[in-house]
1. Identify, by number, the condition in (1) touching a Pro at 6+ places or on another chain (Cβ under 7 Å); (2) closer than 24 Å to His29 by Cα; (3) surrounded by fewer than 24 Cβ atoms within 10 Å (Cβ to Cβ) that Asn217 doesn't meet.
2. Only one of these is out of contact with any Lys or Arg (no Cβ under 7 Å at 6 or more places or on another chain), without any contact (Cβ under 8 Å) to a residue 24 or more places away in the chain and either surrounded by 24 or more Cβ atoms within 10 Å (Cβ to Cβ) or on the phi < 0 side of the Ramachandran plot (or both): Lys98, Lys121. Name it.
3. Would you check which residues across region 143-192 are in contact with a strand residue (DSSP E or B) (Cβ under 8 Å, 6 or more places away or on another chain), among the small types (Gly, Ala, Ser) and crowded, with 23+ Cβ neighbours inside 10 Å and list them?
4. Looking for whichever is in the same structural domain as Gln45 (by TED's automatic domain parsing) and touching a His at 6+ places or on another chain (Cβ under 6 Å) here; the options are Val182, Val186, Val242. Which one fits?
5. From (1) in contact with a Ser or Thr (Cβ under 9 Å, 6 or more places away or on another chain); (2) farther than 30 Å from Ala25 by Cα; (3) among the hydrophobic types (A, V, I, L, M, F, W, C), pick out the condition that doesn't hold for Ala247.
6. Can you tell me which condition Gly333 does not meet? The list is (1) modelled with pLDDT of 95 or more; (2) in contact with a Lys or Arg (Cβ under 6 Å, 6 or more places away or on another chain), and all the others hold.
7. Being in contact with a strand residue (DSSP E or B) (Cβ under 7 Å, 6 or more places away or on another chain), outside any strand (DSSP E or B) and of a type in the set (Lys, Arg) is the filter here, so list the residues in region 244-295 that pass it.
8. Of all strands (runs of 3 or more DSSP E) completely enclosed by region 62-146, which ones contain at least 3 residues that are under 27 Å from Ala241 (Cα atoms)?
Amino acid sequence: MIRKTRLFTPGPTPLLPAAQFAMAAADIHHRTAEFRALYTRVLAQLKDFVGTTNDVILLSSSGTGAMEASVSNLTSPGDRVLVLTAGKFGERWSGIAKAFGCHVDVVSAPYGQTFSLDEVKASLHLETRAVFMQATETSTGVRHCVPAIAKLLKDTHSEALLIVDAITGLGTTHIDMDTWGVDVLVGGSQKAVMIPPGLSYLAISPRAWDRMEATYNPRYYFDLRKERKNAKNGESAYTPAVALIAALGAAFDWIAAQGDGSLVEGRKRLIENAETISAMTRAAVLALGLKLFAPDAFGTAATAVLAPEGVDSGLFVKELKSRFAAIITNGQGEMKGQIFRIAHLGFFDYMDTIALIGAIEQVVVKSIPQLGAKFGDGLIAAQQLYADRSPTAAADNKCLCGRESTHCSLLHSAAK
């Protein structure tokens with residue numbers, strides 16, 4: 001049989017065809033009226049996609065560049081900061097902050113779990129200048145409760161800025177930056193917006209802009225004040241990734257079309273899509289006798305699945321690729337060989353999900369007979385969930401962070 005390569009990875013994600021066409025046609029010089037019009041439009045669309053009235057800065061870098069810019073622009077050497085971590089990308093915050101001379105306090109949770117709000121509260125100090133966290137931890141499939149952390153900072157009258165890596169959270173999770181009180185929200189291009197890697201963006205609160213005037217860590221290319229000044233004239237401070245910016249504009253146009261012309265409504269439907277297909281995937285893998293790695297704090301950007309006892313998770317990665325050209329990801333770091341991850345963010349739909357579940361059934365039934373699974377077990381579970389799920393069902397039992405309330409009970413009971 002022929003094999004058509006399909007990405008089911010949490011970044012890069014499948015490319016939107018309209019964005020690919022836009023990149024191919026993006027023969028524009030970046031210091032022209034034509035590009036300034038495009039850049040100004042995309043920056044305005046970014047605000048709608050993020051869901052903020054704050055200024056949004058666009059950088060030609062991976063998401064890690066925006067994370068570094070958050071640290072270098074908002075801290076000074078010796079500043080005390082708090083990092084909340086439960087995975088590889090939370091650990092990245094620690095590495096960046098230490099590289100810029102910060103004194104780093106850490107609240108950590110085991111991989112596959114989220115952190116205790118009481119422990120976060122105990123780790124806050126009067127001199128804590130910033131709190132860094134993920135919205136979703138892509139390495140483990142965990143979603144953290146951003147509004148609970150934001151509320152804690154408000155209730156304790158902390159002066160700390162809240163900086164959130166939402167690189168996989170945006171477009172998969174309902175995030176209300178302005179209402180919750182998030183100071184910096186970080187996003188990336190190779191995730192829910194369905195274009196290649198190479199762009200990152202930051203939505204920045206007035207409080208964070210004010211902080212930048214008092215910090216003195218070194219910055220040059222990632223000087224956010226310089227980018228903000230140039231953006232007012234429809235330009236970037238340095239040579240931008242022109243083709244990617246054109247692709248981003250095309251992606252936003254496509255998302256708006258899904259919402260009957262409204263980018264805000266289109267964003268909501270993109271999130272609902274991720275919620276539905278992630279729920280289908282969870283139902284399917286459980287029906288096949290597999291276990292979720294993050295059963296009590298799962299996100300919708302990606303589902304992390306534990307390999308059965310005695311089985312290396314690389315089996316799923318290799319079999320799906322060699323037999324079906326379906327690309328999923330293994331665990332990262334110490335979790336390699338223990339879990340595999342399936343993405344749901346961006347240009348995935350019902351048909352993609354059903355196809356992948358069918359392929360996983362082939363691997364489980366033929367290669368792991370000890371689970372006792374039969375062909376159809378996963379597909380029936382996914383089909384039933386899809387049939388029973390109403391458009392409003394996902395929102396009926398949700399806390400502010402977007403997770404089903406039963407999976408936020410620990411954090412929210414502590415937050416009340």
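1. The failed condition is (2).
2. Values: Lys121 fails: without any contact (Cβ under 8 Å) to a residue 24 or more places away in the chain.
Checking each option against the conditions leaves just Lys98.
3. Filtering region 143-192 down to residues in contact with a strand residue (DSSP E or B) (Cβ under 8 Å, 6 or more places away or on another chain) leaves 143-144, 146, 149-150, 153, 158-170, 172-175, 177, 181-189.
Add one more test, that the residue is among the small types (Gly, Ala, Ser), and what stays is 150, 158, 160, 166, 169, 181, 187-189.
Answer for region 143-192, where residues must be in contact with a strand residue (DSSP E or B) (Cβ under 8 Å, 6 or more places away or on another chain), among the small types (Gly, Ala, Ser) and crowded, with 23+ Cβ neighbours inside 10 Å: Ala150, Ala166, Gly169, Gly187, Gly188, Ser189.
4. Numbers: Val182 fails: touching a His at 6+ places or on another chain (Cβ under 6 Å); Val186 fails: touching a His at 6+ places or on another chain (Cβ under 6 Å).
After ruling out the rest, the residue left standing is Val242.
5. (2)
6. Condition not satisfied by Gly333: (1).
7. Arg282
8. none
The values are calculated or read from the model by the stated rules, or taken from the named source; none is laboratory data. Predicted model, so just to flag it, every value in this text is computed and none were measured. Here the Cβ is made from the backbone with ideal geometry for all residues, glycine too, and neighbour counts use every protein chain on show.
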